[in-house]
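Quick notes on the structure that follows.
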Amino acid sequence: MLNKLPQLQNTLIPNCVSPTETVEYINNYIQANSCENMSVDISFMNVLDACYVTTLCATTHYIKYPQGKISWKISSDKVREFNKDLELGNSNYIV
């Protein structure tokens, strides 16, 4: 039986070329908007770039919203494995 992935409501989908631009885009969004709980789709990124983006943006989000959460839509569970020791407790990963 196939399970359908949960649909992320109001998902932010960065349309950027580089991981650095993606980090700037998401961090600017966090600073400019009220987004204590947010969803971001970075499933188009490779594993290393996704690890970079999730780590830096989750830190920015944690500084502004210590009780908030980010749901990251990712392409591989390896992102979760890589980031497990760097977690601030505000990231959820959806493969």
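The values are calculated or read from the model by the stated rules, or taken from the named source; none is laboratory data. All figures in this text were calculated on a predicted structure; none of them were measured in a lab. A quick note on method: Cβ atoms are made from the backbone with ideal geometry, for glycine too, and the neighbour counts reach across all protein chains shown. Each accessible area value is taken on the protein alone, full model and side chains, heavy atoms only, with ligands, DNA and RNA left out. Shrake-Rupley method; radii C 1.70, N 1.55, O 1.52, S 1.80 Å.
Taking only segment 21-40 into account, find how many residues are open to solvent by 50 Å² or more (accessible area, probe 1.4 Å), outside any helix (DSSP H, G or I) and in contact (Cβ under 8 Å) with a residue 12 or more places away in the chain.
2
For segment 49-60, does any single residue satisfy the condition of being within 17 Å of Asn15 (Cα to Cα) and among the aromatic types (Phe, Trp, Tyr)?
The answer is yes, given that some residue of segment 49-60 is within 17 Å of Asn15 (Cα to Cα) and among the aromatic types (Phe, Trp, Tyr).
Quickly run through segment 41-55 and pick out the residues that are under 17 Å from Asn92 (Cβ atoms) and assigned to a helix (DSSP H, G or I).
Ala50, Cys51, Val53, Thr54, Thr55
Could you count how many residues in segment 57-79 are over 21 Å from Glu36 (Cα atoms) and under 11 Å from the mean Cα position of the chain (by Cα)?
Counting residues in segment 57-79 that are over 21 Å from Glu36 (Cα atoms) and under 11 Å from the mean Cα position of the chain (by Cα) gives 1.
Quick one: count up the residues across segment 33-69 that are touching a Gly at 6+ places or on another chain (Cβ under 8 Å) and more than 17 Å from Asp85 (Cα to Cα).
Adding up the residues that qualify gives 5.
Can you pull out every residue in segment 67-83 that is over 19 Å from Ser43 (Cβ atoms) and either open to solvent by 70 Å² or more (accessible area, probe 1.4 Å) or aromatic (Phe, Trp, Tyr) (or both)?
Result: Gln67, single match.
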